[in-house]
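Working notes, structure below.
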Amino acid sequence: MLTSLKKQPADRIIGLSALYNADPRQEKIDLGVGVYKDAHGNTPIMRSIKKAESHLWKTESTKTYTSMTGDSGFHNAMADLVLADSVDRDRLSFCATPGGTGAIHHVLELVKLTESNPKIWFSDPTWGNHLTIAKHLKMVVGKYSYFNNETRAVDFEAMVSDLSKISNGDIVVLHGCCHNPTGANLNNEQWNIIADLLLEKDAIPFIDIAYQGFGEGIEEDAFGTRLLASKFPEMFIAASCSKNFGIYRERCGIVITVSKNPDISSITQGNLSYVNRQNFSFPPDHGARLVTMVLTDPDLRADWVSELEQVRVGMLDARTHLAEALRKECNSNRFDFLEHHRGMFSRLGATEEQVNKLRDKFGIYMVFDSRLNIAGVTLDKVNTIAKAVIEVGI
Ligand code: LMR
């Protein structure tokens, strides 16, 4: 039977990490997969997480199952973090998932259970896994314009024009903040315009928020999500704790849905239980428990907020340094967009050939579409990266 399996294409982000690991060059630089690194190139465990873990080890008295959609303490803590008081709690339903990717998958499975067969619209470009999960689930996918490759900013006019053509009941996936892969984001005024447009089109927003706290700040980064939650009768959210709590391998994410009323949210909750049960039964708890402890203990929370802010500011510094080095190297300000982008990524706007040359000649690894992980741009590497970028003709 297995002989009839076809070879699957390698994931282009994860495949890049394998290439990087196999590269014997000492001076290689990893600007690929979206994992935060500090100035020494390490991905540290956050202090608050370590403290919570130590406390948990001492106090946890059972490893029995939680509920089918995870612990209600986690649901509430994440609702506070992502939505604050933008929407009545009794309209929300929750499902803890293995990572933000699990949450994206589950939202789409939930949509399938509605049997309404809507088109799912993604930004062009978007995180590659969005498209492959939707295709894997045999859903109808559309793309709306998002990024202007010349200005490296959001092409808002084209975005509005494309979204004006969608049908009612369609689902529009929006990155809550820190757009992956471009780093170009909607401003608050643009969020308002998109909200009104989608309301007029009777579309359903689906927010993927995986980098809250990496852009403008924890509260600021939730602006769009909270705005939509305050306006729409129905909405989907997939939130990840991988990056902002640094617990990648714990696989911690959550689905939050907004329903029209508490009766429907209770049915939605039952359907989320069903989706978990059919996929893997109970969700992982360890990461979710740590996040809950950090968010609900005032001291741990304060420490987390301050460390996350340090991470955010560190990435802003890296943006400034790289833009400055490139300014010197090419004698122009054409890379200043790096300073306007936010989050872990920026899309350089290079060709795949140039990206390959950076890898082969200089050992600098970025994703094929020229997305670079800004956290990999440590101070000691800025000039090397800038020189190489100019030398390959970007
Ligand atoms: C990324 O975009 O690099 C991260 O979200 C990691 C992944 O799974 O692709």
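The values are calculated or read from the model by the stated rules, or taken from the named source; none is laboratory data. As the structure is a prediction and not an experimental result, all values here were calculated from the model. All Cβ positions, glycine included, derive from the backbone under ideal geometry; neighbour counts span all protein chains shown.
Values computed for the structure shown
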{"quantity": "Segment 132-156, subset more than 22 Å from residue 394 (Cα to Cα) and small (Gly, Ala, Ser), residue surrounded by the most Cβ atoms within 10 Å (Cβ to Cβ)", "calculated": "134"}
{"quantity": "Test: residue 39 is in a loop (DSSP other than H, G, I, E, B) and in the same structural domain as residue 352 (by TED's automatic domain parsing)", "calculated": "yes"}
{"quantity": "Pair list, Cβ < 9 Å and 6+ apart or interchain, from segment 222-242 residues that are closer than 10 Å to residue 210 by Cα and in the same structural domain as residue 111 (by TED's automatic domain parsing) to residues that are part of a helix (DSSP H, G or I) and basic (Lys, Arg)", "calculated": "242/249"}
{"quantity": "Qualifying positions in segment 46-71 - surrounded by 13 or more Cβ atoms within 10 Å (Cβ to Cβ) and either within 30 Å of residue 384 (Cα to Cα) or among the polar types (S, T, N, Q) (or both)", "calculated": "46, 48, 66, 67, 69"}
{"quantity": "Residues of segment 1-39 that turn out to be among the charged types (D, E, K, R) and more than 16 Å from the ligand (Cβ to nearest atom), as a count", "calculated": "7"}
{"quantity": "Meets criteria (out of contact with any Phe, Trp or Tyr (no Cβ under 7 Å at 6 or more places or on another chain) and more than 20 Å from residue 12 (Cα to Cα)) for residue 364", "calculated": "no"}
{"quantity": "Filter result for residue 294 (surrounded by fewer than 21 Cβ atoms within 10 Å (Cβ to Cβ) and among the aliphatic types (A, V, I, L, M))", "calculated": "no"}
{"quantity": "Neighbours by Cβ (under 9 Å, 6+ apart or cross-chain): first from segment 180-191, assigned by TED's automatic domain parsing to the domain that holds residue 100 and of a type in the set (Phe, Trp, Tyr); second part of a loop (DSSP other than H, G, I, E, B) and more than 12 Å from the ligand (Cβ to nearest atom)", "calculated": "none"}
{"quantity": "In segment 361-375, residue farthest from the chain's Cα centre (by Cα) [restricted to those that are hydrophobic (A, V, I, L, M, F, W, C) and farther than 22 Å from residue 317 by Cα]", "calculated": "362"}
{"quantity": "Selection status of residue 362, among the aromatic types (Phe, Trp, Tyr), crowded, with 18+ Cβ neighbours inside 10 Å and under 22 Å from residue 150 (Cβ atoms)", "calculated": "no"}
{"quantity": "Output for segment 215-227, where each listed residue is part of a loop (DSSP other than H, G, I, E, B) and away from the ligand (no atom under 16 Å from the Cβ)", "calculated": "216, 217, 218, 219"}
{"quantity": "Count of segment 83-135 residues which are within 17 Å of residue 205 (Cα to Cα), more than 16 Å from the ligand (Cβ to nearest atom) and without any contact (Cβ under 8 Å) to a residue 12 or more places away in the chain", "calculated": "1"}
{"quantity": "Counted residues, segment 232-270 - those being more than 16 Å from the ligand (Cβ to nearest atom), farther than 14 Å from residue 89 by Cα and not hydrophobic (A, V, I, L, M, F, W, C)", "calculated": "1"}
{"quantity": "Meets criteria (in contact with a Gly (Cβ under 9 Å, 6 or more places away or on another chain), surrounded by 19 or more Cβ atoms within 10 Å (Cβ to Cβ), in the same structural domain as residue 219 (by TED's automatic domain parsing) and of a type in the set (D, E, K, R)) for residue 312", "calculated": "no"}
{"quantity": "Scope segment 321-358; condition among the charged types (D, E, K, R) and away from the ligand (no atom under 16 Å from the Cβ); matching residues", "calculated": "324, 327, 328, 329, 334, 336, 339, 352, 353, 357"}
